[in-house]
Every structure is written in structure tokens, then in C-alpha cells.
1. Can we say L81 is touching a residue at least 24 places away in the same chain (Cβ under 8 Å) and in contact with a His (Cβ under 6 Å, 6 or more places away or on another chain)?
2. Tell me which of these D29 doesn't satisfy, since it passes every other one: (1) free of Cβ contacts under 8 Å to residues at least 24 places away in the same chain; (2) more than 16 Å from L111 (Cα to Cα).
3. Please work out which residue is farthest from the chain's Cα centre (by Cα), limiting yourself to the range 64-93 and to residues that are in a loop (DSSP other than H, G, I, E, B) and either buried (at least 20 other Cβ atoms within 10 Å of the Cβ) or modelled with pLDDT of 90 or more (or both).
4. State which residue pairs qualify: first residue surrounded by 15 or more Cβ atoms within 10 Å (Cβ to Cβ) and inside the range 103-121, second residue in a strand (DSSP E or B) in any location, beta carbons under 6 Å apart, and separation of 6 or more residues or different chains.
5. Report, by residue number, each residue of the range 1-43 that is surrounded by 11 or more Cβ atoms within 10 Å (Cβ to Cβ), modelled with pLDDT under 90 and among the polar types (S, T, N, Q).
6. Would you check which residues across the range 94-138 are closer than 25 Å to P63 by Cα, at pLDDT below 95 and out of contact with any helix residue (DSSP H, G or I) (no Cβ under 6 Å at 6 or more places or on another chain) and list them?
Amino acid sequence: MSDGSVAEYYSHGALEEQILDALVRIGADPEHLHIDQLAPVDEFHVGGRAATMALVDQMDLHPGLRVLDVGSGLGGTARYLAHEHKVAVTGIDVTAEDVQVARSLTRRAALADRVTFLEGSAVCDRASVSKMTRGPEATRCTDAVLRLCLPAMSSPTPAGCVLAVDVISF
């Protein structure tokens, strides 16, 4: 699946409006949101918040660490990590609408100082994955991820880079 078809599949058109309307219906103030209010709609990966917590329990996260969230979607995992573990998170997603909504929800949850979102792709095709570290496609994919990690790792106070994978389909 190409980056364009992935973005098209996940694009909605009025996603932020629908999310904010639903939050208002449950009594939330859309300008002052808490990550727990957002969890049912912004952690739609397999296992939701419980899966995020189980993965995080296996990591040595501490304040000041820099985390890269590839395929960040609406940003639920990134906001959870920033809020609960006081880490700085950069999320990357191929879907422009998801990035825009993630930025907005993050601002509304008062976490924009620790979480940023970029539109981009780290998609590797099936052949690249099967070759693992061999061949130009695998190298291209690895280089794309490293370009995202290296600025954080080469800062005056390098703290690391965490990469967690959620395989959706092959």
C-alpha cells in the first residue's frame, strides 16, 4: 500500500469536529482536555490504552527522554507518554488530517510544549521488511527513521530514541 493510499484510507474530512462534538456531549471542555477524556477516540490501535501501558511498562522511560512515535495517528500514545512519563515526543504520521487533529488535541490538552507532530512516512514495503537490513529499500526505510531520531539524539543533552512497532497488516 502506498503512502498516498494509506493517507486516503485514514482521512475523514471532519474528524476533529466530530471528536470535539462528542467530547462536548459528555461534558468535557474542548479547550481544556485531559488525556483520559481523549483515550477512547485517540488510541484506536490494537489494545488501546491498555496496550500502550503494557508496552510502556517494559521501557525505561524517565523525564527528559526523547521518544519517536512512528505512525502516531491522532497522538494518543504520544500524549500519554508526555503526560504520564514527562518525556518529549515527536509523532510522525502519513495522514495530514491525523497530524492536524493530533496537534489540535495536544494543544487542548496543554501538552504542546512536550509533543510535536510531523507529516511524513516511515513505511517500508514487504520486500524491504523481508530483506531486513539488505538492499536499497531497507536502507531507504532505515535512513528515514534515523533522520528522525538523530536530531534528538545529537542534542546537547542526548537522551535516546525509542521506536515501538505496531504491525497492522502484511
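The values are calculated or read from the model by the stated rules, or taken from the named source; none is laboratory data. Values in this document were obtained by computation on a predicted structure and should not be read as measured data. Positions of Cβ are generated from backbone atoms using ideal geometry, with glycine treated the same way; all protein chains shown enter the neighbour counts.
1. On the way: touching a residue at least 24 places away in the same chain (Cβ under 8 Å): yes; in contact with a His (Cβ under 6 Å, 6 or more places away or on another chain): no.
No: the conditions fail for L81.
2. Failed condition: (2).
3. So the first thing to find is which residues in the range 64-93 are in a loop (DSSP other than H, G, I, E, B), and the list is 64-65, 71-75, 86-87.
Remaining after also requiring either buried (at least 20 other Cβ atoms within 10 Å of the Cβ) or modelled with pLDDT of 90 or more (or both): 71-75, 86-87.
Values: G71: 5, S72: 2, G73: 5, L74: 7, G75: 5, K86: 16, V87: 13 Å.
Only one residue fits best here, namely K86.
4. R103/F117; T106/V115; R114/A88; V115/V89; T116/T90; F117/G91; G120/I92
5. S2, S11
6. V99, T116, L118
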